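A short worksheet on the structure shown next.
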Amino acid sequence: MTEFANRVEQVSISGIREVFEAAGEDAINLGIGQPDFPTPSHARQAAIEAIENGRADAYTSNKGTQSLREAISTKYDREYSLEIDPEDVIATSGGSEALHLVLEAHVDPGEEVIIPDPGFVSYDALTHIAGGTPKPVPLRDDLTLDPATVEEAITDDTAVFVVNSPANPTGAVQSEADMREFARIADEHDVLCLSDEVYEHIVFEGEHHSPMAFAETDNVVVVSACSKTYSMTGWRLGWVAGSNRRIERMLRVHQYGQACASAPAQYAAEAALTGPHDPVDEMVDTFERRRDLVLDGLDDAGLEVPTPSGAFYVMPKVPDGWCDEVLERGVVVVPGDAFGANGEGYARLSYATSTEDLKEALEIIDDATTAVR
Ligand SMILES: Cc1ncc(COP(=O)(O)O)c(C=O)c1O
């Protein structure tokens with residue numbers, strides 16, 4: 001019988017789903033990884049118009065429409081003064097496909113990929129799928145990734161290290177100084193830095209910085225997406241930007257695996273990127289108010305929690321049995337070890353849910369914490 005490929009046998013379905021399945025129907029879900037806002041209407045409208053006038057019927061160029069790639073290039077110039085040629089961008093099926101392209105194009109079997117632990121679940125899985133070996137590294141106490149830890153973990157076998165800011169599951173935002181260090185490490189050690197910036201606009205304190213802005217070589221590639229910024233997770237539209245030689249390699253994977261990103265989604269993304277930014281600003285303001293509410297509630301419950309500066313997650317330290325107790329009382333949270341071994345003793349709470357639900361959940365959490373202490 002044909003056996004299953006080893007690469008795939010090393011990957012299991014995310015632990016997050018198991019938590020959802022264990023929850024009752026009326027549970028308050030703080031496990032959600034997507035904004036609870038509508039996609040901006042100008043983005044929806046652009047897709048509708050493209051469909052109605054027949055512009056979305058055919059394949060686009062493999063890299064994506066010229067106008068979308070120009071919009072992405074203009075965005076980097078406007079927001080970070082970063083010059084990215086539209087030819088050096090591939091529009092992908094969400095940030096997820098972009099991560100896949102980077103790893104498939106740069107990791108040989110047996111090579112190592114340094115990933116933050118706790119970190120977004122895809123880094124470990126996609127490394128295995130590329131035939132590589134994940135090398136999880138621990139975070140600082142404030143849940144940011146220390147460039148020194150990454151530098152120490154680099155060996156002759158390292159192909160890639162992953163930086164994710166703002167981060168899932170921690171909400172942590174890396175400082176400019178850290179990003180400069182990541183760029184230096186990528187340059188000096190001649191290893192690729194994969195910078196996952198899908199939460200780039202959801203920052204409450206400080207600013208988002210990309211290591212690409214500081215690198216002197218082409219050893220940084222950037223992944224981002226419309227998913228979180230514009231509440232467009234269902235549209236499946238992200239991108240990867242990098243040097244031309246890297247993009248040409250990634251295009252080989254994209255061309256045969258995907259052909260092109262969905263055409264209607266490309267038109268929606270272009271409108272989202274070039275249209276008014278108010279919906280994003282309003283969403284980020286709301287997330288900041290909710291973050292403060294959740295931090296206060298967790299603090300009142302006596303839990304230690306680093307203050308996250310971005311995304312829409314908090315990661316408190318929790319006592320043994322806490323996640324089960326909270327789940328039994330009808331609040332879904334994700335145990336920290338779903339994001340790596342070092343996540344043990346933590347839980348991820350998403351506040352991409354209504355303020356009323358958050359308030360109710362925090363009361364339940366308070367009681368549950370007393371019960372397990
Ligand atoms: C850190 C991080 N990167 C990438 C992704 C993938 O996003 P997309 O929905 O665009 O594929 C996610 C989704 O949760 C994420 O949290």
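Observations on the structure shown:
- Members of the range 324-373 that are open to solvent by 10 Å² or more (accessible area, probe 1.4 Å), over 18 Å from residue 25 (Cα atoms) and among the charged types (D, E, K, R): 337, 344, 359, 363, 366, 367, 373
- Filtering the range 97-117 to residues that are under 21 Å from residue 64 (Cα atoms) and either among the basic types (Lys, Arg) or out of contact with any helix residue (DSSP H, G or I) (no Cβ under 6 Å at 6 or more places or on another chain) (or both) leaves 97, 98, 102.
- A search for C-beta distances below 9 Å between a residue of the range 143-155 that is more than 22 Å from residue 308 (Cβ to Cβ) and any residue that is of a type in the set (A, V, I, L, M), counting only pairs 6+ apart in sequence or on different chains, returns 151/185; 152/137; 153/114; 153/137; 154/114; 154/185; 154/191.
- Scanning the range 182-202 for residues that are surrounded by 20 or more Cβ atoms within 10 Å (Cβ to Cβ) and either out of contact with any Leu (no Cβ under 8 Å at 6 or more places or on another chain) or β-branched (Val, Ile, Thr) (or both) turns up 182, 183, 185, 191, 192, 193, 195, 197, 198, 199, 200, 202.
- Residue satisfying condition, being more than 12 Å from the ligand (Cβ to nearest atom), touching a His at 6+ places or on another chain (Cβ under 7 Å) and of a type in the set (Asp, Glu), within set 176, 205, 188: 176
- When 207, 216, 200 are screened for being assigned to a loop (DSSP other than H, G, I, E, B), in contact with a strand residue (DSSP E or B) (Cβ under 7 Å, 6 or more places away or on another chain) and of a type in the set (D, E, K, R), only 200 passes.
- Listed by first and then second residue, the pairs linking a residue in the range 189-213 that is farther than 18 Å from residue 115 by Cα and of a type in the set (Gly, Ala, Ser) to a residue that is more than 16 Å from the ligand (Cβ to nearest atom) and assigned to a loop (DSSP other than H, G, I, E, B), with Cβ atoms under 6 Å apart and 6 or more places separating them unless they lie on different chains, are 213/82.
- Restricting 91, 105 to residues that are among the small types (Gly, Ala, Ser), modelled with pLDDT of 95 or more and either away from the ligand (no atom under 12 Å from the Cβ) or in contact with an Asp or Glu (Cβ under 9 Å, 6 or more places away or on another chain) (or both) narrows the list to 105.
- Pick from the range 225-234, criterion touching a Ser or Thr at 6+ places or on another chain (Cβ under 7 Å) and either more than 9 Å from the ligand (Cβ to nearest atom) or not in a loop (DSSP other than H, G, I, E, B) (or both), ranking: nearest to residue 253 (Cα to Cα): 233
- Selection of the range 211-258 for residues being surrounded by 20 or more Cβ atoms within 10 Å (Cβ to Cβ), of a type in the set (A, V, I, L, M) and more than 22 Å from residue 200 (Cα to Cα) yields only 250.
- Number of the exception - residue 122 against (1) over 30 Å from residue 12 (Cα atoms); (2) hydroxyl-bearing (Ser, Thr, Tyr); (3) under 22 Å from the mean Cα position of the chain (by Cα): (1)
- Residue pairs whose Cβ atoms lie under 9 Å apart, separated by 6 or more positions or on different chains, with the first residue in the range 110-128 and among the hydroxyl-bearing types (Ser, Thr, Tyr) and within 12 Å of the ligand (Cβ to nearest atom) and the second open to solvent by less than 20 Å² (accessible area, probe 1.4 Å) and in a helix (DSSP H, G or I), are 122/95; 122/99; 123/99; 123/103.
- Pair list, Cβ under 7 Å, 6 or more apart: the range 10-24 residue hydrophobic (A, V, I, L, M, F, W, C), other residue surrounded by 14 or more Cβ atoms within 10 Å (Cβ to Cβ) and part of a loop (DSSP other than H, G, I, E, B): 16/31; 19/31; 20/31
- Residues satisfying the stated conditions in the range 37-51, i.e. of a type outside the set (S, T, N, Q) and buried (at least 18 other Cβ atoms within 10 Å of the Cβ): 40, 43, 46, 47, 50
- In the set (1) modelled with pLDDT under 95; (2) assigned to a loop (DSSP other than H, G, I, E, B); (3) touching a helix residue (DSSP H, G or I) at 6+ places or on another chain (Cβ under 9 Å), residue 18 fails one condition alone, (2).
- Where residue 83 falls short, out of the listed (1) away from the ligand (no atom under 16 Å from the Cβ); (2) within 24 Å of residue 122 (Cα to Cα); (3) open to solvent by 70 Å² or more (accessible area, probe 1.4 Å): (2)
The values are calculated or read from the model by the stated rules, or taken from the named source; none is laboratory data. Owing to the predicted nature of the structure, the values given are computational and were not obtained by experimental measurement. Because the Cβ atoms are built from the backbone with ideal geometry, glycine has one as well, and the counts that use them run over all protein chains shown. Ligands, DNA and RNA are excluded from the accessible area calculation, which covers all protein heavy atoms including side chains. Shrake-Rupley method; radii C 1.70, N 1.55, O 1.52, S 1.80 Å.
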